[in-house]
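None of the figures in this text is laboratory data; all of them are computed from the coordinates on show. These numbers were taken from a predicted model, which means no experiment stands behind them. No Cβ is skipped: glycine too gets one built from the backbone with ideal geometry, and neighbour counts run over all protein chains shown.
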Amino acid sequence: MIISMRLHATKEEIDHVCERIAEFGYKVHSIVGEERVVIGVVGMGDVTACLESLEAAPGVESAVRISAPYKFVSREFRKERSAIRLNGLEIGGDEFVVMAGPCSVESEKQIMATAEAVAAAGARVLRGGAFKPRTSPYDFQGLEAEGLKLLRKAKQATGLAIVTEVMSDRDVDLVAEYADCMQVGARNMQNFSLLKLLGACRRPVLLKRGMSSTIKELLMSAEYIVAHGNPNVILCERGIRTFETATRNTCDISAVPVLNELTHLPVILDPSHAAGKRSLIPALARAGVAVGADGLIVEVHPWPEKAISDGAQSLTLAGFQTMMRQLDPYLRLWKTARAAETALAREAVAV
């Protein structure tokens, strides 16, 4: 359920509503907002009786049952966009954020060269895999803890935030020690034990859509993290598996505006894994900006022909710089549209 309090409801009124919620056997999951407070409620009980009682309580504007199976990530729970704070950035706010870096951290020379180049070109977050999920058990699995240390060194040199993948629940604490954002890859989107632990971790989580997962399934996975205490989730559309073979995956570009309608969480696009081809990435990146994504995550390598993994879909340093220049006119339009949307949202909250 969602309980919306009246504008400037008093603390006593909010506390009274929380007490009534507990009396009906429900739990207050979260309270958001300052001037206009919204209370999220979970549990099992007599929904109708609870709603009727709460609607009559002082300070309550409305009490409604959330129809979506994903309760706390839905637009029903929160009308305005959520902005996730990440190393001084806000993803989902008024800035389009580009994350860039290699598929795998391979060496200090490689990750430092990449970090310095993408930072100079305008990226705000460095991506790089220390732990790598590979289809073949004989492929490079990542530098693991040593890779995390190299990512930290790159952050210290450039100021870039770090996003890196966590593959197992046993690695959550280790990765959280080094990463600003914990990435859940496509293969782990429904690793529910991992999602629960990330809910307790409180680090921002970048959740990638599974290669054969529906949008609803992606949102339900995000709900696992939020329901277990961590509201800081960023969704990532990275392409889905279809019958098409011309690209590595099929870029479901429509998923971005669909998710923007269904959830308040930020949505970014991964054109690298969607395309699998270096030549296609700039066009898909521009499309991501145009359809309202909050950012991009792009694979970049100083020497793609020598890359241990994903060299074919990694932009060169010069190629990334060119792509960022090409995005400029699209980003100007994006900022205009976002400013207008933000103004309308503030007006709606004030009414």
- Given the options VAL184, VAL125, VAL38, state which has the largest fluctuation in a GNM of the chain using a 10 Å cut-off (strictly under) for Cα springs. VAL38
- A student asked for the Cα radius of gyration and Dmax of the chain in angstrom ought to give 21.2, 67
- Residues with amide H under 5 Å from that of ILE162, placed H, sequence gap 5 or more: LEU126, ASP180, CYS181
- Sort MET99, MET324 so the one with the fewest other Cβ atoms within 10 Å of its own Cβ comes first. MET324, MET99
- Task: Starting from the amide H of MET211, placed 1.01 Å from N in the peptide plane, find each other amide H under 5 Å away whose residue is 5 or more places distant or on another chain.
- Result: none
- Note on the structure: Share (percent) of C-alpha pair distances in the stretch 184-302 greater than 21 Å works out to 35
- MRE, 222 nm, helices only [DSSP H, n ≥ 4, -39500 (n - 2.57), over the chain, to nearest 500]: -12000 deg cm²/dmol
- Membrane-span-like helices in the chain: DSSP H runs reaching 30 Å or more (Cα, own axis), mean Kyte hydropathy at least -1.0? 317-350
- Item | Dimensions in Å of the stretch 62-161 - Rg and Dmax from alpha carbons | 18.3, 58
- Message: Taking the beta-carbon count within 10 Å as an exposure proxy, list ILE39, ILE31, ILE14, ILE3 from fewest neighbours to most.
- Response: ILE31, ILE14, ILE39, ILE3
- Which is farthest toward the positive dipole end of the chain among LEU197, VAL267, HIS8, measuring Cα position about the Cα centre, with Cβ charges +1 (Lys, Arg) and -1 (Asp, Glu)? VAL267
- Message: Can you list residues from other chains, or at least 5 along the same chain, whose modelled amide H is less than 5 Å from the amide H of VAL60?
- Response: ARG6
- Query: For THR342 and GLU144, what is the calculated FRET efficiency with R₀ set at 51 Å and r taken between the beta-carbons, to the nearest 0.05?
  - Reply: 0.80
- Item | Lys, Arg +1 and Asp, Glu -1 on Cβ, resulting dipole of the stretch 2-64 about Cα centre, debye, nearest 20 | 160
- Query: Which ³J(HN,Hα) values, rounded to whole Hz and listed in residue order, are derived for the stretch 179-189 from phi using the Karplus coefficients 6.51, -1.76 and 1.60 in 6.51 cos²θ - 1.76 cosθ + 1.60 with θ = phi - 60°, glycine and proline given as x?
  - Reply: 8, 7, 9, 9, 8, 9, x, 4, 5, 10, 4
- Springs between alpha-carbon atoms under 10 Å, Gaussian network over the chain: tell me which of LEU265, LEU284, LEU151 tops the mean-square fluctuations. LEU284
- Take the cross-link list LYS79/LYS208; LYS109/LYS196; LYS109/LYS132; LYS71/LYS208; LYS27/LYS216 and give me the ones stretching past 29 Å between alpha-carbons. LYS109/LYS196
- Relative frequency of Cα-Cα separations exceeding 14 Å in the stretch 2-64, percent: 48
- Taking the chain as a Gaussian network, Cα atoms linked when under 10 Å apart, which of LEU150, LEU89, LEU126 shows the biggest mean-square fluctuation? LEU89
- Query: Using +1 on the beta carbon of Lys and Arg, -1 on that of Asp and Glu, and nothing else charged, what's the dipole of the chain about the Cα centre, debye to 20?
  - Reply: 920
- For the residues LYS11, LYS208, what sequence is obtained by ranking on other C-beta atoms within 10 Å, fewest first? LYS11, LYS208
